[in-house]
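One structure, as structure tokens, below. Some questions next.
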Amino acid sequence: MNFQPAVSVGNVGQLATDLLLENLDPRPCKIGQLFHTALEPVVGNSGNGNLMTACELFHHAAQKILILQFHSPVTRKNLSHFVEFLVSWIHQCGFKDVMCLSSSLASLRNDIQLNQTTMRYLAGTGLNPSKLQQIHALGWTELEAGVLQDEGNNGVSVGVSVRIPGGGIARDFFVACNSAQIPILTLVFFASDGDNTPESMTLLDNANQLCQFIPPSSNGEVRFKIPSSWGYFNGGTKPAGIF
């Protein structure tokens, strides 16, 4: 399986991927980095003393999962080129399926979405029927289609399509995987900017209910260990020398 987040509103998918990396046993091995001109360049400390770059690859041999973790967004003007590159790479690697975790602007929910759960899913046409049955058994809600407006035609409706506002590459990546007949499941969480650690836990918990990445404890509950990097959201402590 290929598992990855989309850099999206509130960074929910990235935080959920942090949680997965922290809680898989044994811890996934970092096997490489992904470079592309569409990725905003970034380098820094991962929080545990290791070097962090824009996109890193981790492998969990026991569960046969390759995890991509993004630390920077894709530039808008190169988004389509990056999605094409990513889908081509996934196709060449021959992954059995793909899971993408994303988020969408909670402020743009419609009336129905306001009164329902805060997570939606998008299932590709090639997804295994047994996995679809599991999804239905879990009671998840499929992401509703939205009406597309043609800005050059006085706002006249020109069709119906799935929209993920604030979702980064999530929609284009889903469409491209579907077109390439790559089985994909995208989970979308409605969120806003700010501290979305609780939302990321809920999102990963939902993904875990389907895929059983992390086994439950003796009492049947899944308790997540918090990544050390989460302690640096607001920066480190103030150096004493400045006073």
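The values are calculated or read from the model by the stated rules, or taken from the named source; none is laboratory data. Computed from a predicted model, the values in this text were never measured in an experiment. Here Cβ is always computed from backbone atoms with ideal geometry, including for glycine, and neighbour counts include all displayed protein chains. The protein model used for the area step is the full one, side chains on, heavy atoms only, and it has no ligands, DNA or RNA in it. Shrake-Rupley method; radii C 1.70, N 1.55, O 1.52, S 1.80 Å.
Can you find, within the range 23-40, the residue that is surrounded by the fewest Cβ atoms within 10 Å (Cβ to Cβ) among those that are farther than 26 Å from Val222 by Cβ and of a type in the set (S, T, N, Q)?
Thr37
Of the residues Val7, Val87, Val98, Val83, which is hydrophobic (A, V, I, L, M, F, W, C) and under 24 Å from Asp195 (Cα atoms)?
Result: Val7 is the single residue among Val7, Val87, Val98, Val83 that is hydrophobic (A, V, I, L, M, F, W, C) and under 24 Å from Asp195 (Cα atoms).
So Gly139 passes all but one of these: (1) exposed (fewer than 10 other Cβ atoms within 10 Å of the Cβ); (2) touching a residue at least 12 places away in the same chain (Cβ under 8 Å); (3) of a type outside the set (S, T, N, Q). Which condition number does it fail?
(2)
Let me ask something else about it. Residues to consider are Gln149, Gln134; find the one that is open to solvent by 60 Å² or more (accessible area, probe 1.4 Å) and modelled with pLDDT of 95 or more. Reasoning before the result, please.
On the way: Gln149 fails: modelled with pLDDT of 95 or more.
Unique residue meeting the criteria: Gln134.
Turning to a different aspect of this structure: Here are some residues: Ile214, Ile226. Which one is farther than 27 Å from Ile90 by Cα and touching a residue at least 24 places away in the same chain (Cβ under 8 Å)?
Numbers: Ile214 fails: farther than 27 Å from Ile90 by Cα.
Of the residues listed, the single one that is farther than 27 Å from Ile90 by Cα and touching a residue at least 24 places away in the same chain (Cβ under 8 Å) is Ile226.
Out of everything in the range 1-15 that is over 23 Å from Trp89 (Cα atoms) and of a type in the set (A, V, I, L, M), what residue ends up being surrounded by the most Cβ atoms within 10 Å (Cβ to Cβ)?
Taking the candidates together, the pick is Val12.
Looking at the range 160-186, I want the residues that are free of Cβ contacts under 8 Å to residues at least 12 places away in the same chain and have a partner that is open to solvent by less than 50 Å² (accessible area, probe 1.4 Å) and assigned to a strand (DSSP E or B) with Cβ atoms under 8 Å, at least 6 apart or on another chain. Which pairs are those?
Sorted first by the residue in the range 160-186, then by its partner, the pairs are Arg171/Val162.
List, please: which pairs have Cβ atoms under 7 Å, are six or more places apart or on different chains, and start with a residue in the range 1-23 that is among the hydroxyl-bearing types (Ser, Thr, Tyr) and end with one that is assigned to a helix (DSSP H, G or I)?
Ser8/Ala170
Collect the residues in the range 197-225 that are touching a strand residue (DSSP E or B) at 6+ places or on another chain (Cβ under 8 Å) and open to solvent by 20 Å² or more (accessible area, probe 1.4 Å), keeping them in residue-number order.
Glu199, Thr202, Asn206, Cys211
Name every residue in the range 227-243 that is open to solvent by less than 90 Å² (accessible area, probe 1.4 Å) and within 19 Å of Gly13 (Cβ to Cβ), in order of residue number.
Pro227, Ser229, Trp230, listed by residue number.
Do any strands (runs of 3 or more DSSP E) lying entirely in the range 41-125 carry at least 1 residues that are over 17 Å from Phe189 (Cα atoms) and open to solvent by 90 Å² or more (accessible area, probe 1.4 Å), and which ones are they?
Once the strands (runs of 3 or more DSSP E) in the range 41-125 are filtered for at least 1 residues that are over 17 Å from Phe189 (Cα atoms) and open to solvent by 90 Å² or more (accessible area, probe 1.4 Å), what remains is 43-45, 51-53.
Six or more apart or on different chains, Cβ under 7 Å: which pairs go from a residue in the range 197-211 that's within 12 Å of Thr118 (Cα to Cα) to one that's in a helix (DSSP H, G or I)? Could you list them?
Glu199/Gly10; Glu199/Val12; Ser200/Val12; Ser200/Leu15; Ser200/Ala16; Ser200/Leu19; Leu203/Val12; Leu203/Ala16
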